[in-house]
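Accompanying notes for the structure given below.
Just so it is clear, none of the values below were taken in a lab; they were calculated from the coordinates. A quick note: this is a predicted structure, and the numbers were derived from the prediction, not measured. No Cβ is skipped: glycine too gets one built from the backbone with ideal geometry, and neighbour counts run over all protein chains shown.
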Amino acid sequence: MQWETVIGLEVHVQLATQSKIFSGASTAFGAEPNTQACAIDLGLPGVLPVLNEGAVAMAVQFGLAINAEIPETSLFERKNYFYPDLPKGYQTSQMAQPIVGKGEVEIVLDDDVRKRIRIHHAHLEEDAGKSLHEDFHGMSGIDLNRAGTPLLEIVSEPDMRSAKEAVAYIRAIHAIVTYLGISDGNMAEGSMRCDVNVSVRPKGQETLGTRAEIKNVNSFRFVERAIEFEVERQIELIEDGGKVVQETRLYDPDQDETRSMRTKEEANDYRYFPCPDLLPVMLDEAYIEHQRSTLPELPTEKRNRFETSLGLSTYDAGVLSSTRPMAEYFEAVLAVCGDAKQAANWVQGELSGHLNRENIDISNSPVTPEQLGGLISRVLDDTINGKAAKQVFAALWNNEGASADEIIDTRGLKQVTDTGAIEAMIDQVIADSPVQVAQYREADPEKRGKMIGYFVGQVMKASRGTANPQQVNGLLKQKLDEA
Amino acid sequence: MHHMTLTELAKGLKAGDFSSRELTTSLLDRIERLDGDINSFITVTRDQALSAADAADQARAKGDSRALAGLPLAIKDIFCTQGIRTSCGSKMLDNFQAPYNATVVEKLEAAGMISLGKTNMDEFAMGSSNESSFYGPVKNPWDRTAVPGGSSGGSAAAIAAGLAPAALGTDTGGSIRQPAAFCGITGLKPTYGRVSRYGMIAFASSLDQGGPMARSAEDCAHLLGAIAGHDLRDSTSVARVVPDYLAELDAPLDGLKIGLPKEYFGNGLDAEVESAIREAIRVYESLGAKVCEVSLPHTHLAVPAYYVIAPAEASSNLSRYDGVRFGHRCENPVDLEDLYKRTRAEGFGDEVKRRILIGTHTLSEGFFDAYYRKAQQVRRLIRQDFVDAFEEVDVLMGPAAPTPAFDLGAKKDPVSMYLQDIYTIAINLAGIPGISVPAGFAGKRPIGLQILGQHFAESQLLNVAHQFQQATDWHRRHPTDQETT
């Protein structure tokens, strides 16, 4: 039987506000446990929440970025359940009237197929704290630093049909939120976490199969692996005559498998009801238009512009627009050198190679876009050849000079194009290599093409790489073929 | 001195008849002498009170002339006070000290007032008799066999017994007005949103409102002026100018239109209470007011709607008492579930548990629409009843409670206790202000007249109450001291 996979995602994005969604405590990552939780985050008796307007603005910006409806009124509700890292015994969230309504996100698949994924809604909520079960001698530690951190939960329709599509979707969300600057998108620090709903059904069947929800997957790779494992598990189960049960599962990256956490029967009744401590959020047209005016160029628009007005390939446009720092870097290089293709090649080639090797983010690149743009300019105007350019790049990377020009100067890497000077070097090489010259001259003209490489190498070496290779090639040919 | 109003005490301080320290000491001594039996205080903060009194005396010597400076009061133990236990009348919080002051506590301190301590109350403000307190019931100073009302019973009893000239209370369904009526004092529940709830331990957030309890409407006006106002820490507090509540106290009542809701004079109303209220209305007529009957047709739905909404909010508000971070925690829990179950079983009393169960049930999947949503619809109808009535009249009047104070231990059945609030609950559902003023006695036990106004009409309510108190002396009466030792 042919199976079809159906995937829907709930992506929790941590918003980049300075303070928490309902208190003034800091949201900075990595502080000592329980040093960033104030009376409100601790849920002490008598305290009250006050909504952080920054979180509202960020949610609205996201909504506008996915062309979603922004309802005039949205409402905070309480989701009631007991857990030690949930200080109030309820999570303040949104249910019936979320801040962002229906929208859509475009994803690009490997073969450049584009697909629209519908967003059901996105809502604001507060994060819980963290329970730590190790290092406490059979007890649990609670860290409430994260409690009250603003989250935007983005809920998709079940529109994805493969793990690849799911990953492309998360990448698209990641790109949007980082472009907007509403999240740092740091998955390792938990700034983006996904709940993945997976079901399978026989190809052609309309009704959805029973789904399992895989909770809290926190990397692109794990999302892909978790889905692949889960799809296989469900298909095997059904083919063996079993039934998928609706349940919450956990992905264990060490075992590369999903495991059951709780079934529907064990699920909580969250007893949602409107939070009486918070007023409804009312947004008027002027506010929404103001937020719209702050939106930057978004990833899809950028990719399209890179392709159509800069003439980049779809692939290059996709890579260079994938994150805002990447795109900004590329555009800054382009602004200096003026050649989009060269800028694209250098950013994706030499620069990305170095960055990846040393695991450095492009926003912390030791080579600035101005430096790289200056280097490319010197290649474009033939001041240096490609080989020297790599040396210059390495020198810039190692901070051995302030600019390409300075390095070219101090190291004498300026390309030699003076025919006389090149001829002199060629004559010397010919004089020093009588055996090779004789072999060359005896060889068939078809074989000479390969043999000339030796002489080119010798001349380039003699010039310490500065001779113009095309010139060297032409002149050598003339001289060797003369006799 | 022990039965003087704040206004009179302020004059005495200003005239140098006595100092803040003398006043405070004498009240603290009375508390020590008399409160063993009345039990109106949970915590008395003698040292803090005396040093605050000394500071006030020094400030006065240097020219501090603020109206409330150096005057003592008591604070219901539902308001968080930094470094001083805030128990909310519950074993759950017997060991709890808040690291912050409630906004109203801050404001009263800023006005120069001196806290004598924290007053007894029904556990988490759930009750109408003060019998659900972990710290034992409060006795009514007028008749020690009677309840003082609740939930602000400690505050009301302390004022009646001459232990404090004024107090802070809170009112979720009548918890200021009914004990004020039972103890023969004046108590005002302001409009919802008029007074900040920050630092006031939540029972039912959409209904809770703090307010003043004192010996006169004039004193309530002073106190309300000090505690009212928008608070950036409470989103439900209203950004609206706080008027000078004293400014209109003396306005004549000529032509005032008083409505008597016929539903407040029906079955179940005690005959002595009714005759005292009718007599009070005649006083108003003599002051030039016009009286007519009005109808609040959804009155009979107020108690049922309230007992869905209030427990629903309470069930959620009280989830934080889980033994994890503060408050009572059971001994040696074997696992998380054991920790939750035993902590809450031990820490909460029966009435609190009952309301958590009711609230949890009414919010449950499958019951939400039938209970919570329906109750909210009813709430809107009740609010509309009042809006409609105020199209015709300026204020509404009726009894604050259907009977005078009942005997301690008399109401075993929770529903009969809930019906105590039949005339007060709708006011919280509608969010309007209400005041109870002393209007007579049934035997030894006081009777309270309730006056209701439109949203933010506190000035008018205080004026109407004050004029009554200019014409009568019910509010000047006080019980005789009964030493217990």
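Some points to look at:
- Compactness ratio for the protein assembly as shown: Cα radius of gyration over 2.2 N^0.38 Å (N = residue count) comes to 1.29.
- Debye log10 I(q)/I(0) at q = 0.21 Å⁻¹ for the range A:57-160, Cα point scatterers: -1.02
- Helical content alone sets the calculated 222 nm signal of chain A at -12500 deg cm²/dmol, taking -39,500 (n - 2.57) per DSSP H segment of four or more residues and averaging over every residue.
- Residue exposure proxy: B:Cys330, A:Cys194, B:Cys88, ordered by other Cβ atoms within 10 angstrom of their Cβ from fewest to most, comes out as B:Cys330, A:Cys194, B:Cys88.
- Residues A:Ser131, B:Ser133, arranged from fewest to most other Cβ atoms within 10 angstrom of their Cβ, appear as A:Ser131, B:Ser133.
- Of A:Lys164/A:Lys341; A:Lys450/A:Lys479; B:Lys290/B:Lys444, those spanning more than 20 Å from alpha-carbon to alpha-carbon: A:Lys164/A:Lys341; B:Lys290/B:Lys444
- For the range B:141-169, the residues whose backbone nitrogen is under 13 Å from a point 7 Å from the Cα of B:Asp481, taken along Cα to Cβ, are B:161-164.
- Estimated inter-spin distance, A:Asn345 and A:Ser309, nm [label 7 Å along Cα→Cβ]: 2.4 nm
- Global geometry of the range A:215-300, whether rounded, prolate or oblate, following the gyration tensor of its Cα atoms and the 1.5 cut on a/c: oblate
- Treating r as the C-beta distance of A:Glu4 and B:Asp47 and R0 as 60 Å, the FRET efficiency rounds to 0.20.
- Computed over the range A:3-289: relative contact order in percent, which uses C-alpha pairs under 8 Å that are six or more apart: 25 percent
- Of all DSSP beta bridges in chain B, antiparallel share, percent nearest 5: 70 percent
- Rough spin-label spacing in nm, given labels placed 7 Å along Cα→Cβ, for B:Glu22 and A:Gln428: 11.4 nm
- At 1.567 mPa s and 4 °C, Stokes D of the range A:419-482 from Kirkwood alpha-carbon radius, µm² per second: 112 µm²/s
- Label point distance in nm, B:Val242-B:Ser286, each placed 7 Å from Cα along Cα→Cβ: 3.6 nm
- FRET efficiency, 1/(1 + (r/R0)^6) with R0 41 Å, evaluated for B:Leu336 and A:Asn356 via beta carbons: 0.40
- Cα gyration tensor shape of chain A, rounded if a/c is under 1.5, else prolate or oblate by comparing a/b with b/c: prolate
- Within straight-line cross-link reach of B:Lys257, aspartates and glutamates at Cα separation under 15 Å, skipping those fewer than 8 residues along the same chain: B:Glu285, B:Glu293, B:Asp388, B:Glu391, B:Glu392, B:Asp394
- Distant alpha-carbon pairs in the range A:297-411 (separation over 23 angstrom), percent: 25 percent
- Descending Cα extents along the principal axes, the range A:3-289, whole Å: 56, 54, 33
- Label zone at B:Ser65, where the point sits 7 Å out along the Cα-to-Cβ direction: the range B:101-121 residues whose backbone N lies under 19 Å: B:111-113
- Cα shape, the range B:402-461, gyration tensor, a/c 1.5 rule: oblate
- Based on Cα contacts under 8 Å between residues 6+ apart, the range A:297-411 shows a relative contact order of 20 percent.
- Principal semi-axes in Å for the range A:235-376 [√(5λ), Cα gyration tensor, largest first]: 44, 28, 16
- Ordered by the count of other Cβ atoms within 10 Å of each Cβ, fewest first, B:Ser40, B:Ser216, A:Ser293 give A:Ser293, B:Ser216, B:Ser40.
- Theoretical FRET efficiency, 1/(1+(r/R0)^6), r = Cβ-Cβ of A:Lys390 and A:Ala332, R0 22 Å, to 0.05: 0.55
- Relative contact order %, chain A, counting alpha carbon pairs below 8 Å whose residues are six or more apart: 14 percent
- More than 20 Å apart - percent of Cα-Cα pairs taken over the range B:150-296: 58 percent
- Chain B, helix-only ellipticity at 222 nm - DSSP H runs n ≥ 4, -39,500 (n - 2.57), divided by all residues, nearest 500: -11500 deg cm²/dmol
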